Amino acid sequence: MSSVPVTFVSSHAADGGSERYLRRLISKIGEGWIHDIVCLQDGPLVRRLRADGHKVTVIDIPARPPGLLTQPMKLRRHLRSTSASLVHANGIKAAFACTLATAGTGIRVVWVKHDFSFEGLFAGVVGASVDRIVGVSEAVIEKLRGPATRKATFVHTGIDHVDIDRHAARHALLAETGWPPDSFVVGSVGRLDPAKGFDQLVRAAALLREQVPTTHVAIVGSVDRHHPEMQEKLERTAREHALGTRVKIFGERDDVRSLIAAFDVGVIPTVAVRRGGREGFSLVALEMLDAGTPVVAFHSGALPEVLGPCGVLADEGSIQGLATALGSVAEDTELATRLTECGRDRVAARFTTARWIEEMKKEYLRAWSN
């Protein structure tokens, strides 16, 4: 397949899923497809891409007017000076800024839509102005209306399979925490943001403990700069529900997939909050399936689409429902085994890195040839 020069423009540079997506895409797609990389704010993503050996230009563009309307002219000058011809706009802020920056230039814009932010009129305006829309799931594009619908498709993200010794991972987790060997470990991964539903998880674990007395909770994720109080809040909730040292917050880790393999069950308790909160895809869910860790999640966003028949879903926001779902996995060995086998097969069949990259290249070529 012939390559086309893609300028990757990221809305943000934090530690979120869209930034992780972009870094992995850039690392896998091949040098012939990478023309330039621009971040519309400074942050961890910039440092990590530079550490990977990439040149990254930071053009600070605010998420709201008036800067959102005036600063794209800086981006326009940069795109023209670098002879950009095709832009991957990673997120809605990048897509909007790129539509302003490329107006009248002939530069094509592919908006990669990661979430449900600014659904409605604004998304429709942005969608009508770009050349192609690629959702990370069918769920994130299903509410697009008007001209945008004719330009939209979805490409599921893929991951690389990792062989992990679950027994060794389990031993390491128990050694680090001091938890007893018979612990039933309920684990979740994500930045400490209210939308990730960790408070609901801790409360559900308190209910689960009545059914499964050996319940322990592992939460792996970095502090969110917008919610620095979350760790203290979660620890307080654990104390209030007599869980104490049974809840461990690990912080940011490099061995996330090994920790996931050590869980008895993985949980995606994401809840809807203002301007989003639902999972637009969930790489963590894929990593849990790939590790052979049974998954329980709230029925919202793209999670039913990603998990298919390989997860147990509870009504969104229902703490009792989440506890019941966790209890079903804890007490039904056959169910847990079926979920393990189903998850691994599903990732191998539907969510490989090779398929993801191939499909993204096809979308760039479609936009290029229009």
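Just the Cα atoms of the stretch 103-241, one point each, no solvent: what log10 I(q)/I(0) does Debye give at q = 0.12, 0.15, 0.16, 0.21 Å⁻¹? For the requested q values the scattering log ratios are -0.74, -0.91, -0.96, -1.19. Along its three principal directions, the equivalent ellipsoid of the stretch 235-370 from the Cα gyration tensor extends over semi-axes of 30, 19, 16 Å, largest first. Between Ala103 and Glu331, take the C-beta separation as r, use R0 = 45 Å, and let me know the FRET efficiency to the nearest 0.05. Taking R0 as 45 Å, the efficiency between Ala103 and Glu331 is 0.15. Rolling a 1.4 angstrom probe over the protein heavy atoms with all chains in place gives the chain an accessible area of 43 Å² per residue.
Quick one: if you stick a label point 7 Å off each Cα along the C-beta vector at Ala51 and Asp165, how many nm between them? It works out to 2.7 nm between the two label points. Rounded to the nearest 20 debye, the dipole magnitude of the stretch 15-153 is 240 debye, with +1 charges on Lys and Arg beta carbons, -1 on Asp and Glu beta carbons, and the Cα centre as origin. Distance between the C-alpha centres of the stretch 101-173 and the stretch 256-310: 17 Å, rounded to the whole angstrom.
Among 287-294, 98-105, the peptide with the highest mean count of other Cβ atoms within 10 Å heads the list, and the full ranking is 287-294, 98-105.
In terms of packing, defined here as the mean over residues of other Cβ atoms within 10 angstrom, the peptides 128-139, 40-51 line up highest first as 128-139, 40-51. Extent of the stretch 312-370 along its three principal axes (Cα atoms, max minus min coordinate, largest first): 54, 27, 10 Å. Summarised in one figure, the compactness ratio Rg/Rh of the chain, Cα atoms and Kirkwood Rh, is 0.99. The alpha-carbon atoms of the stretch 12-81, seen along their principal axes, cover 36, 28, 16 angstrom, with the largest extent given first. Rg then Dmax, both in Å and based on the Cα atoms of the stretch 198-266: 12.3, 36. Extension gain, Asp254 to Arg80: 0.36 nm times the residue separation minus the Cα-Cα distance gives 58.8 nm. Just the protein heavy atoms count here, and of the accessible area of the chain at 1.4 Å, carbon and sulfur take up 49 percent. The Cα-based radius of gyration and maximum Cα-Cα distance (Dmax) for the stretch 262-321 are 10.9, 33 Å. Pairwise Cα distances in the stretch 175-290 exceed 17 Å in 53 percent of cases.
Paramagnetic label reach from Thr352 (point 7 Å along Cα→Cβ; backbone nitrogen cut-off under 14 Å): within the stretch 146-166, residues 158-162. Using a ≥ b ≥ c from the Cα gyration tensor of the stretch 1-157 (square roots of the eigenvalues), is it rounded, prolate or oblate, where a/c under 1.5 gives rounded and otherwise the larger of a/b and b/c decides, a/b for prolate? It is rounded, given that a/c, with a ≥ b ≥ c, falls under 1.5. Pairs of C-alpha atoms in the stretch 184-234 farther apart than 13 Å represent 56 percent of all such pairs. Compare the Cα positions of Leu289, Val87, Gly187 along the charge dipole of the chain (+1 at Cβ of Lys, Arg; -1 at Cβ of Asp, Glu; about the Cα centre) and return the one farthest towards the positive end. The listed residue farthest towards the positive side: Val87.
Considering every alpha-carbon pair of the stretch 300-343, the percent of pairs per 5 Å bin, from zero through the bin containing the longest distance, is 5, 24, 25, 26, 17, 3. Residue farthest toward the positive end of the dipole of the stretch 213-286, with Cβ of Lys/Arg at +1 and Asp/Glu at -1: which of Ser222, Ser258, His241? Towards the positive end, the residue furthest out is His241.
Taking label positions 7 Å along the Cα-Cβ direction at both Met73 and Gln320, the computed distance is 5.9 nm, reported to one decimal.
Tell me the Kirkwood hydrodynamic radius of the stretch 241-291 in angstroms, computed as one over the mean inverse distance between distinct C-alpha pairs. One decimal place: 13.1 Å for the Kirkwood radius.
Taken along the Cα-to-beta-carbon direction at a fixed 7 Å, the label points for Asp42 and Glu119 span 3.6 nm.
Other residues with beta-carbon under 15 Å from the beta-carbon of Ile319 carry, at +1 per Lys or Arg and -1 per Asp or Glu, a net charge of -2.
The values are calculated or read from the model by the stated rules, or taken from the named source; none is laboratory data. Computed from a prediction, not measured in an experiment: that's the story for all the values here. Counting neighbours? That spans all protein chains shown, and the Cβs are built from the backbone with ideal geometry, glycine included. The area values use the complete protein model at the heavy-atom level, side chains included, leaving out ligands, DNA and RNA. Shrake-Rupley method; radii C 1.70, N 1.55, O 1.52, S 1.80 Å.
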